[in-house]
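Undergrad: Please see the structure below; I have some questions.
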Amino acid sequence: MSDAKTTNDHQRIKAWVEKRKGRPAKVDAAGGGSGILRTDFGEPEKGLSEIEWDEFFAIFEKSKLSFLYQNETSGGKTSRFNKFISRQDQRLPARWITTPPP
């Protein structure tokens, strides 16, 4: 995988998602919670609700998240890899975010 980056910049996140023909979404929450943020690509995924960018970023800020993403695969193709992480976690090396340190 090529280098992953993190950002909190709303415009950068929106541009990255839309460039890949994605849209903001959240996991349908039981009990009326705010739900878990996701980016959805292609056909709508079961269990996800598409939301407006304003709602997406309100949840993003309330949850103190950062956006971990990859622009290209190691083969040079456009990547859709992304993940929402705690802003505390963005100080860790990217390899630790997906794989805990030994």
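Undergrad: Please work out which one of (1) surrounded by 10 or more Cβ atoms within 10 Å (Cβ to Cβ); (2) without any contact (Cβ under 8 Å) to a residue 12 or more places away in the chain is the condition residue 46 fails and give its number.
TA: The single condition residue 46 does not satisfy is (1).
Undergrad: Would you be able to tell me the number of residues in segment 51-85 that are acidic (Asp, Glu) and loosely packed, with under 13 Cβ neighbours inside 10 Å? Write out each step before concluding.
TA: Start the filter on segment 51-85 by keeping residues that are acidic (Asp, Glu), which leaves 52, 54-55, 61, 72.
So of that shortlist, the ones also loosely packed, with under 13 Cβ neighbours inside 10 Å come out as 52, 54, 61.
Result for segment 51-85: 3.
Undergrad: When you look at residue 91, is it out of contact with any Pro (no Cβ under 9 Å at 6 or more places or on another chain), loosely packed, with under 15 Cβ neighbours inside 10 Å and modelled with pLDDT under 90, yes or no? Break it down into steps so the answer makes sense when it comes.
TA: Working: out of contact with any Pro (no Cβ under 9 Å at 6 or more places or on another chain): yes; loosely packed, with under 15 Cβ neighbours inside 10 Å: yes; modelled with pLDDT under 90: yes.
Taking the combined requirement at face value, the residue satisfies it.
Undergrad: Quick one: would you say residue 54 is touching a Leu at 6+ places or on another chain (Cβ under 8 Å), without any contact (Cβ under 8 Å) to a residue 24 or more places away in the chain and more than 23 Å from residue 75 (Cα to Cα)?
TA: Criteria not met by residue 54.
Undergrad: Search segment 1-25 for residues that are under 18 Å from residue 87 (Cα atoms) and pair each with any residue that is in a loop (DSSP other than H, G, I, E, B) when their beta-carbon atoms are under 6 Å apart and the residues are at least 6 apart or on different chains.
TA: That search, which allows pairs on different chains as well, returns nothing.
Undergrad: Considering (1) more than 12 Å from residue 4 (Cβ to Cβ); (2) within 10 Å of the chain's Cα centre (by Cα), say which one residue 66 fails and leave the rest.
TA: Here residue 66 meets the rest and fails (1).
The values are calculated or read from the model by the stated rules, or taken from the named source; none is laboratory data. Owing to the predicted nature of the structure, the values given are computational and were not obtained by experimental measurement. Neighbour counts run over all protein chains shown; Cβ positions are idealised from the backbone, glycine included.
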